[in-house]
Amino acid sequence: MIKCIYIEDEIKDHPRTLSILDRFGSTRRIKIKRYGDVFNKKSQNFRLQKSNPALILARKHQGLVLDAPDSFGIGGTKNYYFSHMFNCIYDCRYCFLQGMYSSANYVVFVNYEDFDKNIEDLVNSNPNENLTFFSGYDCDSLALENITGFVEHTLPVFQKFDNALLELRTKSIQLKPLLEFTPMKNCVIAFSLMPRAMSDSLDHKTPKISERIKAISKLAELGWKIGLRFDPLVHGKDWKILYKELFDEIELNVPETAIHSVSVGPLRFPKNIFKNISKLYPEEKLFAGPLVNSPRTPSYAENVEKEMTDYCLEHISRFVPKSAIFNCVSSN
């Protein structure tokens, strides 16, 4: 429940701002000059704030569309990402956002049209390239759709592009905007997944894995392209059995023809982010696992990463063509 909304002066009369505010009735509203004055304040406690986050409505001026990290890629020649929102309604223990931001408040950038222009310029300036645009790096693409209307706005933008692919990364089962659109050949609905026992322990506030697979099955039946994202791979007791059960369930419920791509990536953290997260949750068993504190990226030992990755790739390749599987390897 949002109990407080901060609104930048610059966008207080923006149609999208007014539309969002209409959904909250008499919720307390505070005008601010720039979102950073609230979001970037020092001495905030992410863990405490996560229990009652505020909503911040703002305009993004710079860095609307950025080059994707090297580990991103599902077949395109150039990869970009963009974030209409900072932070997520879910509370996954391994999420890097809780170690990157000091604030758990939700920031929604209402100037979608500026994102559109940046995307269109990139597409038009690269007519002979296959571009991929990733949404869901700094937030969940679908989880707050009933408030933001982001997907409803963005799908038509990509309908006019032949050489641009949109990935919507999510753990949400809020499918309304997708049910109302004709499935698009250049849009992938990518679901993050892990074995049920691990998700129950680590994916706080998210839909259950069984519910996500039902949502995937429904979208696949309608004709949407599906992405399966096993990132991060999490080590633990009976991990081989648990992952095999997950892969078997997916194979049973998701037709191969609907699967656009699969990506696999081991658990890893930038060093500073790991330091911040482990301070927030010192009792979390995940951070006491077989992690190697390397100079740059705390992660599982190389032999553990390799064993998990090889095992999962072997099982996935039994129901997905190898050409559609992408290995996002940790760099230490």
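The values are calculated or read from the model by the stated rules, or taken from the named source; none is laboratory data. Predicted model, so just to flag it, every value in this text is computed and none were measured. Here Cβ is always computed from backbone atoms with ideal geometry, including for glycine, and neighbour counts include all displayed protein chains.
When the stretch 255-270 is limited to residues that are among the small types (G, A, S) and assigned to a strand (DSSP E or B), the one that is surrounded by the fewest Cβ atoms within 10 Å (Cβ to Cβ) turns out to be G265.
Of the helices (runs of 4 or more DSSP H) lying entirely inside the stretch 138-213, those containing at least 2 residues that are more than 30 Å from T27 (Cβ to Cβ) span 150-159, 196-202. Scoring L252 on the criteria (1) surrounded by 19 or more Cβ atoms within 10 Å (Cβ to Cβ); (2) part of a helix (DSSP H, G or I) leaves a single failure, condition (1).
Test E145 against the criterion of being in contact (Cβ under 8 Å) with a residue 24 or more places away in the chain, out of contact with any Cys (no Cβ under 9 Å at 6 or more places or on another chain), surrounded by 17 or more Cβ atoms within 10 Å (Cβ to Cβ) and not basic (K, R), and give yes or no.
Numbers: in contact (Cβ under 8 Å) with a residue 24 or more places away in the chain: yes; out of contact with any Cys (no Cβ under 9 Å at 6 or more places or on another chain): yes; surrounded by 17 or more Cβ atoms within 10 Å (Cβ to Cβ): yes; not basic (K, R): yes.
Considered against the rule, which asks whether it is in contact (Cβ under 8 Å) with a residue 24 or more places away in the chain, out of contact with any Cys (no Cβ under 9 Å at 6 or more places or on another chain), surrounded by 17 or more Cβ atoms within 10 Å (Cβ to Cβ) and not basic (K, R), E145 comes out as yes.
Restricting to the stretch 155-180, name every residue that is of a type in the set (S, T, N, Q) and either more than 17 Å from the chain's Cα centre (by Cα) or under 20 Å from T17 (Cβ atoms) (or both). Full working, then the answer.
Going residue by residue through the stretch 155-180, those that are of a type in the set (S, T, N, Q) are 159, 163, 170, 172, 174.
Scanning the stretch 155-180 gives Q159, N163.
For the stretch 11-39, a residue qualifies if it is surrounded by fewer than 16 Cβ atoms within 10 Å (Cβ to Cβ), under 22 Å from Y101 (Cβ atoms), touching a residue at least 24 places away in the same chain (Cβ under 8 Å) and not basic (K, R), and exactly one does: I30.
For the stretch 246-256, what are the residues that are farther than 19 Å from Y311 by Cβ and in contact (Cβ under 8 Å) with a residue 12 or more places away in the chain? So that I can check it myself, show each step before the final result.
Narrowing the stretch 246-256 to residues farther than 19 Å from Y311 by Cβ: 252-256.
If the condition is that a residue be farther than 19 Å from Y311 by Cβ and in contact (Cβ under 8 Å) with a residue 12 or more places away in the chain, then N253, V254, P255, E256 are the ones that fit.
For the stretch 229-243: of the residues being hydrophobic (A, V, I, L, M, F, W, C) and in contact (Cβ under 8 Å) with a residue 60 or more places away in the chain, which is nearest to T182 (Cα to Cα)? Per the criteria, the residue is F230. Considering only the stretch 264-273, I want to know if a residue exists there that is of a type outside the set (D, E, K, R), modelled with pLDDT of 95 or more and within 23 Å of the chain's Cα centre (by Cα). Looking through the stretch 264-273, at least one residue is of a type outside the set (D, E, K, R), modelled with pLDDT of 95 or more and within 23 Å of the chain's Cα centre (by Cα). Check whether at least one residue in the stretch 53-71 is aliphatic (A, V, I, L, M), under 20 Å from the mean Cα position of the chain (by Cα), surrounded by fewer than 18 Cβ atoms within 10 Å (Cβ to Cβ) and closer than 23 Å to R268 by Cβ, and report yes or no. Yes, the stretch 53-71 has at least one match. The listed residues are E113, E152, and the only one of them that is without any contact (Cβ under 8 Å) to a residue 12 or more places away in the chain, under 18 Å from T17 (Cα atoms) and not hydroxyl-bearing (S, T, Y) turns out to be E113.
What are the residues in the stretch 124-145 that are over 13 Å from the mean Cα position of the chain (by Cα) and either under 20 Å from A190 (Cβ atoms) or among the charged types (D, E, K, R) (or both), if any?
Those that are over 13 Å from the mean Cα position of the chain (by Cα) and either under 20 Å from A190 (Cβ atoms) or among the charged types (D, E, K, R) (or both): E129, N130, L131, T132, E145.
Residue count for the stretch 1-49 satisfying the condition of being among the hydroxyl-bearing types (S, T, Y), closer than 22 Å to D91 by Cβ and not in a loop (DSSP other than H, G, I, E, B): 1. Residues considered: K225, K214, K160, K208. Of these, the only one that is within 16 Å of H260 (Cβ to Cβ), free of Cβ contacts under 8 Å to residues at least 60 places away in the same chain and basic (K, R) is K225.
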